1. From Ala24, Ala49, grab the single residue that is within 18 Å of Gln1 (Cβ to Cβ), open to solvent by less than 30 Å² (accessible area, probe 1.4 Å) and of a type outside the set (Val, Ile, Thr).
2. Can you tell me which of Ser115, Ser84, Ser62 is within 17 Å of Leu18 (Cβ to Cβ), in contact with a Lys or Arg (Cβ under 8 Å, 6 or more places away or on another chain), of a type outside the set (A, V, I, L, M) and open to solvent by 60 Å² or more (accessible area, probe 1.4 Å)?
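The values are calculated or read from the model by the stated rules, or taken from the named source; none is laboratory data. Given the structure is predicted, the values throughout are model-derived calculations rather than measurements. Neighbour counts are summed over all protein chains in view; Cβ atoms, including those assigned to glycine, are modelled from backbone coordinates with ideal geometry. Only protein heavy atoms, including side chains, enter the accessible area calculation; ligands, DNA and RNA are left aside. Shrake-Rupley method; radii C 1.70, N 1.55, O 1.52, S 1.80 Å.
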Amino acid sequence: QVQLVESGGGSVQPGGSLRLSCAASGFNFNIYVMNWYRQAPGKQRDLVAQITPGGTPTYADSVKGRFTISRDNAKNTVYLQLNSLKPEDTAIYYCNVKYRGANYWGQGTQVTVSS
């Protein structure tokens, strides 16, 4: 079955950096678009970044120039590098894949940005 396991979250000060990882299994990772979403308390879950099988990224306007999505198809892993973090980036970050018409989510990893 499809499994997505995120790691790498934590607490950082404004301006800091984190690198999130999502290890995927149970499907042919190499041919699927992979997504990172985030959900802040009391808010909806929003798309942050996505990457095509060939490595072409797209980003939400709020994170452009600060976050970088990448993937390693040999390791079935997608990454999200978070730089220049702001308090408003505080959220649970989720890895996502739309596989055979269904959405699959990881358990999420908490990112907290606070001084």
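1. Exactly one residue qualifies, and that residue is Ala24.
2. Ser84
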